[in-house]
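The values are calculated or read from the model by the stated rules, or taken from the named source; none is laboratory data. Predicted model only: the values in this text are computed from it and were never measured. Cβ: placed from backbone, ideal geometry, glycine included. Neighbour counts: every protein chain shown.
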Amino acid sequence: MTVTPDRPTPHAAAANPAAPTIIDRFVGANREYAVTFQDGGMDARPVQKIAVVACMDARLDLFAALGLELGDAHVIRNAGGVVTDDTIRSLTISQRALGTRSIALIHHTGCGLLGLTEDFRRELEAEVGQRPQWAVEAFVDLDGDVRQSMQRVRTSPFLLHTDDVRGFVFDVHTGLLREIH
Ligand SMILES: [Zn+2]
């Protein structure tokens, strides 16, 4: 496995220096967005009192898939949708400062973390000469990792509400959630 992906060559970048980058497109799209943007006057407390922890996968459109509207939920995303110390940090702030009570954990089929191992860390250290502080949190068993994530949330001493914690696997081919018990 290659840790460092192919980078664009300087030659390719120099071929058309005026070509807009994807971030240039963001800036243009945002100007159009702001033209029709309506300030709903919401405060920072999520209307549905829920926090969702999900993978960063580009095929997972959480708001559409879960019927969420702007202002409804906190969305915490990372590689794998795993429950790390930083996920607990966000969930703790979500509950204690911003009033959420429910937590949904969402992994998905075809996740990039499936099949990765802690070798990733060792190879990274060999390449850059520095050991990462973080674990890769790779997994081979999707359902098992959802269960472990639910367990980490339910046993966290920092959270106020752990009675409504549910875990799911999202199927990227059908768009359906499957609940893990
Ligand atoms: Zn994923």
When you scan segment 147-181, how many residues do you find that are among the β-branched types (Val, Ile, Thr) and closer than 19 Å to residue 101 by Cα? 4
Scan segment 130-175 for residues that are under 25 Å from residue 63 (Cα atoms), surrounded by 15 or more Cβ atoms within 10 Å (Cβ to Cβ) and of a type in the set (Asp, Glu) and jot them down. 145
Within segment 35-55, take every residue that is loosely packed, with under 12 Cβ neighbours inside 10 Å and either among the acidic types (Asp, Glu) or within 14 Å of the ligand (Cβ to nearest atom) (or both) and give me the one that is nearest to the chain's Cα centre (by Cα). 43
Answer residue from segment 56-81, given it is in contact (Cβ under 8 Å) with a residue 60 or more places away in the chain and under 20 Å from residue 139 (Cα atoms) and is surrounded by the fewest Cβ atoms within 10 Å (Cβ to Cβ) among those: 59
Sort through 113, 105 and tell me the only one that's within 14 Å of the ligand (Cβ to nearest atom) and either aromatic (Phe, Trp, Tyr) or at pLDDT below 95 (or both). 113
